[in-house]
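K.L.:
The structure is given below, and queries will be raised subsequently.
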Amino acid sequence: MKITEVKVWFVQGVKYNWTLLKIFTDEGYTGVGESTNWPGSPIIYEATKHVGERIIGLDPMQNEFIWTKLYRDLNWVGPYGASLCAISGIDMALLDLKAKVLGVPCYELLGGKYRKDILLYANYWFINGGHNVADYTEQARKVKEAGFTGL
C-alpha cells in the first residue's frame with residue numbers, strides 16, 4: 001500500500017482557525033488528522049502541505065518510520081513549532097488510516113482502552129454573546145441543557 005495524496009484544508013472558525021488533512025492510499029484507505037496550533041494557523045497550514053508532499057509513495061502502515069523521517073528531514077528548520085504541528089497532524093492521520101486497515105479502534109494502536117467512560121465538556125461555549133455575568137449564565141444554562149456536565 002502506498003500514499004497517493006495528502007489534502008490539506010484551512011478552516012476558519014469563530015475564534016480560531018484549523019488545519020485539517022486527509023491522507024489517501026492506492027488501496028482506497030483514508031485517514032484524517034489535524035495539525036492546528038491556533039496562533040500560527042497559516043504557517044501550520046503551509047507546513048502541513050509541505051510535509052504532506054514528502055510522504056507521497058510511502059507505506060502508511062510504517063507510521064513510526066514516517067514520523068522519524070519527517071522529524072529528521074525538518075530538523076534543519078527547527079524541530080518544534082510549525083514543523084512539529086505538521087508532523088503531528090500527519091501522524092494522527094496515519095494512525096487513523098492504520099486503525100481502519102487493521103479493523104481496530106485507534107486507541108488499540110496507542111496501548112489499549114484505559115477508561116470505560118470519559119467526561120465530555122463544552123469547550124468555547126462562551127464565545128457567542130456578551131461578556132457579562134448574565135450572558136455567561138444564560139450560555140452555561142444552554143450548555144447544561146444540551147447534556148454537558150463540564151464547561
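Taken together, the values in this text are just the output of simple stated rules run on the coordinates, not laboratory data. Remember, it's a predicted structure, so these values are computed and weren't measured experimentally. Here the Cβ is made from the backbone with ideal geometry for all residues, glycine too, and neighbour counts use every protein chain on show.
K.L.:
In whole Hz, what ³J(HN,Hα) sequence does the range 83-94 give by Karplus (6.51, -1.76, 1.60; θ = phi - 60°), x for Gly and Pro?
P.N.:
For the range 83-94, the Karplus-derived couplings read 4, 5, 4, 5, 4, 4, x, 5, 4, 4, 5, 5 Hz, x marking Gly and Pro.
K.L.:
If packing is taken as the average count of other Cβ atoms within 10 Å, what order do 52-65, 69-82 fall into, highest mean first?
P.N.:
In decreasing order of mean packing, 52-65, 69-82 become 52-65, 69-82.
K.L.:
In percent, how large is the relative contact order of the chain, given Cα pairs closer than 8 Å and 6 or more residues apart?
P.N.:
Contact order relative to length: 21 percent.
K.L.:
Among the aspartates and glutamates, which have Cα under 20 Å from the Cα of LYS116 when same-chain residues fewer than 8 positions away are ignored?
P.N.:
Partners found: GLU108.
K.L.:
List the lysines whose alpha-carbon lies under 24 Å from that of LYS2, not counting same-chain residues fewer than 8 positions away?
P.N.:
Within the straight-line cut-off, LYS2 pairs with LYS22, LYS49, LYS69, LYS98, LYS100.
K.L.:
Is the shape of the range 75-151 best called rounded, prolate or oblate, per the rule: a/c under 1.5 gives rounded, else a/b larger than b/c gives prolate, else oblate, with a ≥ b ≥ c the square roots of the Cα gyration tensor eigenvalues?
P.N.:
Cα axes put the range 75-151 in the oblate bin.
K.L.:
What ³J(HN,Hα) values, in whole Hz, does the Karplus curve 6.51 cos²θ - 1.76 cosθ + 1.60 give for the range 99-106 when θ = phi - 60°, with x put for Gly and Pro?
P.N.:
Coupling constants for the range 99-106: 4, 5, 4, 7, x, 10, x, 4 Hz.
K.L.:
Quickly rank 84-92, 102-110 as a protection proxy: mean count of other C-beta atoms within 10 Å, highest first.
P.N.:
Per-residue mean Cβ counts within 10 Å order the peptides as 84-92, 102-110.
K.L.:
Starting from the Cα-Cα distance between GLN62 and LYS15, subtract it from 0.36 nm times their residue separation and give me the gain in nm to one decimal.
P.N.:
Fully extending the segment from GLN62 to LYS15 adds 13.4 nm.
K.L.:
Given N residues in the chain, what is Rg(Cα) / (2.2 N^0.38 Å)?
P.N.:
In units of the globular-protein estimate, the chain measures up at 1.25.
K.L.:
Karplus couplings for the range 110-118 from phi (6.51 cos²θ - 1.76 cosθ + 1.60, θ = phi - 60°), rounded to Hz, Gly and Pro as x?
P.N.:
3J(HN,Hα) across the range 110-118, in whole Hz: 10, x, x, 5, 10, 10, 7, 10, 10.
K.L.:
Work out the FRET efficiency for THR30 and CYS106 from their Cβ-Cβ distance, taking R0 = 22 Å, and round it to the nearest 0.05.
P.N.:
Given R0 = 22 Å and the Cβ-Cβ separation, E is 0.95.
K.L.:
OK, next. Per DSSP H run of at least 4 residues, take -39500 (n - 2.57); add these up for the chain, divide by its residues and hand me the 222 nm value, nearest 500 deg cm²/dmol.
P.N.:
Taken over the chain, the calculation gives -13500 deg cm²/dmol.
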